[in-house]
Amino acid sequence: MILSDHCTKKAAKGLSTMVYTTDQLNYFQNCYIAFNLVPEALRQVFKQEWDFRYKTTLGEWKDTPKNGLDFNNNESRRSRSKNARYLARIQNGKTAEWDCGCLFFAICSRIALVQL
């Protein structure tokens with residue numbers, strides 16, 4: 001059931017519906033893009049970059065703990081210390097659980113993706 005159907009059914013039952021301004025609808029659309037579409041696109045970019053650089057040496061990224069450990073092991077000690085918060089999440093290997101900050105770090109990490 002989509003939201004408009006849900007609101008229509010409530011209205012039919014005598015409940016009032018919310019009326020949103022154009023600015024509010026734009027805000028909701030931007031939130032949807034920022035919290036749903038952008039992270040998914042970043043996950044795809046990360047996996048493509050990983051596979052391009054490491055598929056032959058470390059294997060394809062398959063969202064496994066081994067992938068996370070491989071990423072972590074390619075980081076310098078300094079980076080491990082400085083970026084411990086991101087690396088703690090990356091180590092599980094499950095990109096679906098990474099937030100945008102973690103994804104940006106993983107993509108931009110010079111040590112893990114550029115080295116080799």
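Coordinate-derived values only; no laboratory data. A quick note: this is a predicted structure, and the numbers were derived from the prediction, not measured. Glycine gets a Cβ as well: all are built from the backbone with ideal geometry, and neighbour counts include every protein chain shown.
Taking the fewest neighbouring Cβ atoms within 10 Å as the starting point, the ordered list for ARG89, ARG53 is ARG53, ARG89.
Remark: segment 39-116 projects, on average over all directions, an area of 4.3 nm² (convex hull of Cα atoms).
The ranking of LEU42, LEU103, LEU37 by Cβ neighbour count inside 10 Å, starting from the fewest, reads LEU37, LEU42, LEU103. Between ASP23 and GLU40, the simple spin-label model (points 7 angstrom out along Cα→Cβ) gives 3.0 nm. Based on C-alpha pairs under 8 angstrom that are at least 6 apart in sequence, segment 39-116 has a relative contact order of 39 percent. Compactness of segment 23-74 is given as radius of gyration and Dmax, 15.6, 49 Å, from Cα positions.
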